[in-house]
Every structure is written in structure tokens, then in C-alpha cells.
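The values are calculated or read from the model by the stated rules, or taken from the named source; none is laboratory data. Note that the structure is predicted; figures quoted are calculated from it, not measured. Counting neighbours? That spans all protein chains shown, and the Cβs are built from the backbone with ideal geometry, glycine included.
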Amino acid sequence: MNPGNSIFSDTYPGGSRFATPSGTAISPDSPLEPFFQADGASFHTSRSVATIRGLGYTYAGLEYWRASDEQMRDEATRIVNRLYAPQAAAAPQAGMLSAHRPQTRYFVNMQLDMEQVERPCQVVVSVDGKFAGSMVVMQQPGKGIMKGGFPIDKAVKEAGLARGSRDEAVAKIQSALQVKIIKGDGTAIPLDKVPSFDLELEDITYTPSTSETNLPKFTNPRNHTVSIADLVKGSSS
């Protein structure tokens, strides 16, 4: 989508990955395990996948051999909107102004020290008893801080908590959030036994794209700390 900026140049401390713990220095040449290059011996890196040319395959609509950079950018944007944007925003009908109106979306952002939980396990988030999503903690690498998050809009809507002002909705959602950490055998790890666990509720203004070749906009993000004591109380109810 931005062929002139297809790769980063700095080194940064990465999050927990397949084979590297949180805090590992990540550069454009760091291995993207477990994805091997064609030789079957070396791993891909950000540099080796900076372009899809040479990979031996592509996706429908991204036939780079017969498209300009501008056409590739437009088609890539269409694919992103089709796969990840809400359906009404991905293909708005003519004359439906409401499809382009800003709306509020809600997310949870979490983190925990992987050494404090039995792995594999998953962190399950609910809103007033409505399943919102989960974050899987794999067996490996097993060290470092794992971070993750996901949207909870569907559960918020099902629970009827999006009504009223934005601040009123946030307050209701905060008190309705429930979290359980479930081990592979189906039993739960008490939240108060995982002191590193942290959860934030994020609300953000989402403005749908005006066309298939424009991306939606996210503005005015706000983060709200959720009391672990409240989560413990909510998860046991």
C-alpha cells in the first residue's frame, strides 16, 4: 500500500513471539520464525518479505506483473476493507449517509507475564456474560510479557451497554467486564494469582471509509484502567 515505505529501518524491543521472548531486539533482519525461505534452511525476515515479488504466489487482485503501484495500492486497500471493515463500511450503498457517520468502538488491551500462568491457556473476556473474545498464551516461548487485544463491540451491543453518552457507556462496560484464564484441562487460573495481569478498556472514534479505496479513520482514542479487583469479582460471579 506504501511501496516507498515497505520496511522499517530501526531496531526496537519486540513483544513476545513464536520463538523469542518479550524485549528481544527486533531489526529488519530478525528471523520470522517459523516461516522458512525457499532454501528450507533460513527463516524469512522483514527484509525478505518486503515485496511479494519472488514469493511465487500472490492474492487475487494483486497481480503485480500487470498493475502499477497506484493500482496495487487501490486493490490492496479494497482487500483490507473487504476482509476487515464492518460490512456496511466495506461496501456502503449510495445515498446512505449513516454508513459514513463516526461511531464509537471499544477494545480491550491486555498483558501478562507468561511465567505466571500454566501454558497453554487462554484469557477469555466477556461483557455482562456475553463472550467478547480470547487471547491464547502458547507453550513457547514461555518467558517475557505477552500483550494482546481485540474489539469487543459485538458483546457490548448484545449486552445493551452502548446506549447513552460515550462516558456513560464506558462506565457501564468497565463494570460489566469479566475475565477468566482457562488452562488446557478446562480449569481456571485465579486472576489474583497472576499479579502481572493488566487490562485496559479503549474507546475510540471510528469513521468508516468513504470508498473502497480509502481506509477508515481511528481518532480520539482513550484508555481506561480496569480494576483487577473488579475483574476478580466479576469473573467469580
inquiry  = Condition (residue is farther than 24 Å from Asp113 by Cβ, in a loop (DSSP other than H, G, I, E, B) and out of contact with any helix residue (DSSP H, G or I) (no Cβ under 6 Å at 6 or more places or on another chain)) applied to the stretch 9-24: is it met by at least one residue?
reply    = yes
inquiry  = It is to be established whether one or more residues within the stretch 46-59 are assigned to a strand (DSSP E or B), at pLDDT 90 or above, within 30 Å of Leu112 (Cβ to Cβ) and outside the structural domain of Pro216 (by TED's automatic domain parsing).
reply    = no
request  = Return the pairs, sorted by first residue and then second, in which the second residue is in a helix (DSSP H, G or I), the first residue lies in the stretch 45-71 and is among the hydrophobic types (A, V, I, L, M, F, W, C), the beta carbons are less than 8 Å apart, and the residues are 6+ apart or on different chains.
outcome  = Ile52/Tyr64; Leu62/Met72; Leu62/Glu75; Leu62/Ala76; Leu62/Ile79; Ala67/Glu75
key: Subset of the stretch 150-192 [closer than 17 Å to Asn109 by Cβ, among the aliphatic types (A, V, I, L, M) and in contact with a Ser or Thr (Cβ under 8 Å, 6 or more places away or on another chain)]   = Ala155, Leu177, Val179, Leu191
key: Residue, surrounded by the fewest Cβ atoms within 10 Å (Cβ to Cβ), within the stretch 1-33, restricted to residues that are over 30 Å from Ser68 (Cβ atoms) and aromatic (Phe, Trp, Tyr)   = Tyr12
query = Which number in (1) surrounded by fewer than 17 Cβ atoms within 10 Å (Cβ to Cβ); (2) under 30 Å from Asn81 (Cα atoms) marks the one condition that Ala171 misses?
reply = (2)
request  = Being farther than 24 Å from Arg82 by Cα and loosely packed, with under 15 Cβ neighbours inside 10 Å is the filter here, so list the residues in the stretch 201-220 that pass it.
outcome  = Asn220
inquiry  = Based on this model, can you work out whether Gly56 counts as loosely packed, with under 10 Cβ neighbours inside 10 Å and either farther than 23 Å from Met1 by Cα or β-branched (Val, Ile, Thr) (or both)?
reply    = no
Filter result (at pLDDT below 95, closer than 30 Å to Thr210 by Cα and under 20 Å from the mean Cα position of the chain (by Cα)) within the stretch 98-120 = Gln103
key: Single match in Val136, Val123 (criterion: surrounded by fewer than 14 Cβ atoms within 10 Å (Cβ to Cβ) and either under 18 Å from the mean Cα position of the chain (by Cα) or modelled with pLDDT under 95 (or both))   = Val136
message = Give me the strands (runs of 3 or more DSSP E) completely within the stretch 154-237, filtered to those with at least 2 residues that are more than 19 Å from the chain's Cα centre (by Cα), ordered by residue number.
response = 177-183
